[in-house]
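One structure is given below, encoded as structure tokens.
Values quoted throughout were computed directly from the atomic coordinates according to the rules given, and no laboratory measurement underlies them. These figures come from a predicted structure and were not determined experimentally. Cβ atoms come from the backbone with ideal geometry, glycine included; neighbour counts cover every protein chain shown.
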Amino acid sequence: MSNSKNRWLIPLAFTNIYVIWGITFLAISFGLKGFPPFILSGLRFLVAGILMMGYLLSKGERPNSLINWKKNAITGVLILTGGTGLVAWGEQYVTASEAAISIATGPFWFIAIDRKNWKYYFSDKFIPIGLAIGFVGLILFLKGSVNSSAAHAVANGPIRITAFVVLALSSIAWVLGSLYSKKNPASQSTFMNIAQQLIVAGAASFLIALFRKEWAGFSVSAIPLSAWSGVLFLIFFGSIVAYLSYIWLLSVKPAALVSTHTYINPIVTVIAGWIVTNQSINGGQFYGLAVILLGVLLTNVTKYFKLSKRSKVKIRRVKRLFNRAGKRYQPI
């Protein structure tokens, strides 16, 4: 792809993952007005996966091995069924804004679980500081959320606490799936891998819905238009456009830069929730969000501001110059 195309594709892709994934939390809340959580997740994943697979087959690309299906099945179940499906379950009892803020703790779980790189992570003084600050922010946010006036009428304190625990588990599942995918890459195109992940995740979500008896009493005719609107947004924008933008950005930009969507998504969700559904967050939740984002930023600060060797050499030269000047005019 030429540099001229990259000039406008890169900001467009960043806009997709910043804005679309932020609105996705709100779209899930709309979908839940007519769909149980795992039927909702299964539908969005399976339809998106079938559409992508159909497109690839029409272009002559074929799935090339059962091993790749297995690898993508594990990745899809962890990242999509676990990572995103559990978010849908949690949003039955918390607002979209609260769910998005809870998911902002994802980078902390990545560092905690990725033991192979602990030596690297904890050699950077900003990372443990950021982890500690982020944990404090999470406590502040949860404290402000348990008694939040924005709570659903059907959700009392204990079930809301359970929902936040499930949201934390969804972040862990996403991280586990990401690490597995990185260590066990499938030997196909990125598009084929995503299609397979979506199809398996959709089937797994429908199976969970069956065990949870979500299909009992479920009626398509009773689904309101707002729920269908949420599902369509999740299929075409959340599961296809934003996900493809994310995977493509990882191939052309540093992962640390692409991961900045973690900071922006909760802010977009809060603003969208306030505009569309009049959702709000209280003071305790707001302070918790600010502290969490500060902690996440600190865990990655050296990645964002990493200097090149040439820049480091220039800085050392400037330091030596000032040191010499200072010694030259020292008072006697």
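A compact table of results
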| read-out | value |
| --- | --- |
| Phi-based couplings in Hz for the range 198-214 (Karplus 6.51, -1.76, 1.60; Gly and Pro marked x) | 5, 5, 5, 4, x, 5, 5, 5, 5, 5, 4, 4, 5, 5, 7, 6, 6 |
| Computed label-point distance, nm, for sites Phe122 and Tyr287 using a 7 Å Cα→Cβ extension | 3.0 nm |
| Label zone at Tyr55, where the point sits 7 Å out along the Cα-to-Cβ direction: the range 210-249 residues whose backbone N lies under 18 Å | 232-249 |
| Calculated FRET efficiency for the pair Leu225/Leu250, C-beta based, R₀ 41 Å, to 0.05 | 0.70 |
| Chain lengthening between Ala112 and Thr162 when straightened (0.36 nm per residue, less Cα-Cα) | 15.8 nm |
